[in-house]
Structures are given as C-alpha cells and as structure tokens.
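The values are calculated or read from the model by the stated rules, or taken from the named source; none is laboratory data. If you're wondering where the values come from, they're calculated on a predicted model, not measured in any experiment. Neighbour counts are summed over all protein chains in view; Cβ atoms, including those assigned to glycine, are modelled from backbone coordinates with ideal geometry. Side chains included, ligands, DNA and RNA excluded: accessible areas come from the protein's heavy atoms. Shrake-Rupley method; radii C 1.70, N 1.55, O 1.52, S 1.80 Å.
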Amino acid sequence: VMGTTVVMTKPHKNAVRLLAQFGDVRAIPPLLEACQSEDKSLQQFAETTLTPLLPRLKASDATLLDAERMWFLGKCLKSKNPDFVCAVLKAMEQIGDEKHLEAVQRLLAKEPASPDQIRVHEAALATEPYLRKRVEEMQMANTLLRASQLEEAPDTLLRALEYRPDTATNELLRPLSTSEESPKTVYLNPRSEEHTSELQSP
C-alpha cells in the first residue's frame, strides 16, 4: 500500500539481487520497491544499482512503472545519497508525471546548505524545465482526447434527427416496414377528420 514501508521476504530479496545482475532497465520496478524496504542493506544495494540504470530510461519506458512504482520514484528524492537523487531526477525528465513535478518544485524551494545539497539543487534546476514540458504535453494530449470523444456523440445525434423541409408529405408518412408485399400510403384529407388509404402497386 502506498505510504507504507515495503516488507520483503528472503526469496523476494534474492530475486531483486538476481535481477540487478543483468543491468536491464526492466529490473528498475522491483529495485524501486526495494528502496522502500525495512532492510537498510537492501535499500543501499537498490540505490547503488539504480544509480546507473535510471538515467538510461526513455520516455517509451514509462509503461514499465505502475502507479505504485511511480510513487516510489518520487519518494526516492528524499534519499541522502546525492548520486542516487541525481539519477532519479534524470529519470523524471523522461517518465515523470505531475506529482513528480510538484516534488521537484518543492525540492527547489529549499535552500541548499551543503555541497551535496547544492549539487542536487542544480540537478533539480536542470530537470524542472524538461519535466514541466513533459507534463504540459501529457495534459494537452488528454485534453485533445477528451475533445475528440465529445465530438462524436453530437455528430451522431444530428445525423439521427436530420430533417429535410422539402420532403413530400407522403414520403414523411411512408410505412415503417418495407417487407410488406403492398405497402400502404396514407393521405390526409384536410376537409375531413377521416383518413383514406390507397393501395400502391410496387
């Protein structure tokens, strides 16, 4: 559950270490989970392994991380390891979202007080424009998608209710079924309340 520390079993820890040996970006999701583990040694191992992996992420790799892992990525900005935090910021340039932008802006609002903090602050300054542009593009894409969906329904309704004023009266009153052998055409007599029917040959 988001907001809690991850508890990993021994087999889970072994699996994370095994995945890390391949140096593949597909190992990033479980490693991010390991960063939230109660096991401090596993946390350190995950951060060390993720540091060279995260900057390799591309925008197309965003699908690797579900909502929970994306949340974990944002939590990693609180790490005391400046190399790791800088790697996280680099990854956010490619796959970050609106929540990450807010986290980076909060980071920039703090005054750096040490060489490591200054380094992280500078990395955040470099990341913020790229991340902001990515978020704007995502929001624009969502807006266009919603607009295109809304345009379809009114268009369909207009076609269904189309009215032609030049349509003849007998055409407006044509029978609903075309399967009858001798369809009837109904004429209205303006001088009488009675309706007359006439068979019309096919």
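Proximity of backbone amide H atoms, modeled 1.01 Å from N, is registered between S37 and V6 at under 5 Å, excluding neighbours fewer than 5 places apart on the same chain. Label-to-label distance, Q44 versus F22, with points set 7 angstrom from Cα along the beta-carbon direction: 2.7 nm.
Applying the Karplus relation 6.51 cos²θ - 1.76 cosθ + 1.60 with θ = phi - 60° to the range 18-28 yields 3J(HN,Hα) values of 5, 4, 5, 5, 7, x, 9, 4, 5, 7, 4 Hz, where x marks Gly and Pro.
3J(HN,Hα) along the range 112-129, derived from phi through the Karplus expression 6.51 cos²θ - 1.76 cosθ + 1.60 where θ = phi - 60°, amounts to x, 10, 8, x, 5, 5, 5, 4, 5, 4, 5, 5, 5, 4, 6, 6, 3, x Hz, with x in place of Gly and Pro. In loop segments of the range 65-105 as defined by DSSP, the trypsin sites (Lys or Arg not before Pro) with at most 15 further C-beta atoms inside 10 Å of their C-beta are K80. Within straight-line reach of K99, meaning a Cα separation under 21 Å, sit the following lysines at least 8 residues removed in sequence or on another chain: K58, K75, K78, K80, K90, K110, K133. Of the chymotrypsin sites (Phe, Trp or Tyr not before Pro) found in the range 1-71, the ones in coil according to DSSP and having at most 11 other Cβ atoms within 10 Å of their Cβ are F22.
Looking at the range 11-63, the GluC sites (Glu not before Pro) that sit in a DSSP loop and have at most 10 other Cβ atoms within 10 Å of their own Cβ are E38. The distance from the alpha carbon centre of the range 55-100 to that of the range 121-138 is 12 Å, rounded to a whole number.
The mean accessible area for residues of the range 1-86, using a 1.4 Å probe and ignoring ligands and nucleic acids, is 55 Å² per residue. Panel values: the range 1-84, Kirkwood radius from alpha carbon pairs, Stokes-Einstein at 37 °C and 0.692 mPa s, translational diffusion coefficient 255 µm²/s.
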